[in-house]
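The values are calculated or read from the model by the stated rules, or taken from the named source; none is laboratory data. Just so it is clear, the model here is predicted, and its values are computed rather than measured. Please note: Cβ atoms are built from the backbone with ideal geometry, for glycine as well, and neighbour counts cover all protein chains shown.
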Amino acid sequence: MRPQPILIYTVLFLVLALFFNIVGIINLDNYEILAYTFIFYGLATVYLSMGNNKKLQVFLGSAVFLIGIDFMVISNFDIFSSSGIIFPSTLLILGISSFILYLDNTEDRAIFFVSIIFILFGLIYSISVGSLGIISFLKSLFALVKDYWVVPVIAFIVFVLLGRKAGQ
């Protein structure tokens, strides 16, 4: 059995990130390197699976990507209780991953409704326990975009490395 290119590229990405970190070219902690690796793997998995009737890969790739984003948020923001965001994060990850799955097959309305329910429950829970306010959410979102512009660069690298043939 031949190893999948996505796994090879992910391991290569991880090894290079660790090497560059050790040499001092980049300055990330191991948690951030893991986050970027999850983002890379998740993006690549979704990119290669969308439109190919690979529902499980689309869902899991989306979830891995979002877990990477979650790791990044936890490691870079002062969160008083990181355990307090696990439950709402899980609901949001399930909801957004389900929504990405729906986008892959828009005829399956049940997946759409399930995604909306998970997303709404995640947001309502976060707002009700006070772990998410609109102003703090917008400030955090702006800080993420400002500080982590490298994520679109990773996406571009994924698209180039795993480029699909036209019409596929």
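Got a sec? Which of I22, I85, I74, I26 is among the aliphatic types (A, V, I, L, M), modelled with pLDDT under 85, surrounded by fewer than 17 Cβ atoms within 10 Å (Cβ to Cβ) and over 21 Å from V160 (Cβ atoms)?
I74
Restricting attention to region 50-73, the residues being closer than 18 Å to I85 by Cβ and not hydrophobic (A, V, I, L, M, F, W, C) number 2.
The sole residue among L18, L28, L43 that is among the hydrophobic types (A, V, I, L, M, F, W, C) and either over 16 Å from G68 (Cα atoms) or touching a strand residue (DSSP E or B) at 6+ places or on another chain (Cβ under 7 Å) (or both) is L18.
Here N105 clears all of (1) at pLDDT 70 or above; (2) under 18 Å from the mean Cα position of the chain (by Cα) except the condition numbered (2).
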